[in-house]
Amino acid sequence: MWDHERATELALASRREGLSLRAIGKRLDEARLCPQRGGTWHAATILALLGPMSAINAVDARTRAQQLRA
């Protein structure tokens, strides 16, 4: 079922936990939340759901991963 507010909240909480887009999609599936047009969750769909700030957060996560490897 499509519930934009609930899906967004769950996706944002999952991203704050550091989950990948694929893991977020799996979590949304487990919560029985489907994309607006039905079908399966894709990375692009999740990024759109997270909004424009998600790209900034992704850069921060990439930078953090590089710092941890150094």
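The values are calculated or read from the model by the stated rules, or taken from the named source; none is laboratory data. These numbers were taken from a predicted model, which means no experiment stands behind them. Using ideal geometry, Cβ is built from the backbone for each residue, glycine included, and neighbour counts are taken over all protein chains shown. Surface areas here come from the heavy atoms of the whole protein model, side chains and all, with no ligands, DNA or RNA. Shrake-Rupley method; radii C 1.70, N 1.55, O 1.52, S 1.80 Å.
Ordering Arg27, Arg69 by accessible area with a probe of 1.4 Å, largest first, what comes out?
Descending order: Arg69, Arg27.
In the stretch 1-40, with Lys and Arg counted as +1 and Asp and Glu as -1 at Cβ, which of these residues, Pro35, Ala23, His4, has the Cα nearest the positive end of the dipole, that is, farthest along it?
Towards the positive end, the residue furthest out is Ala23.
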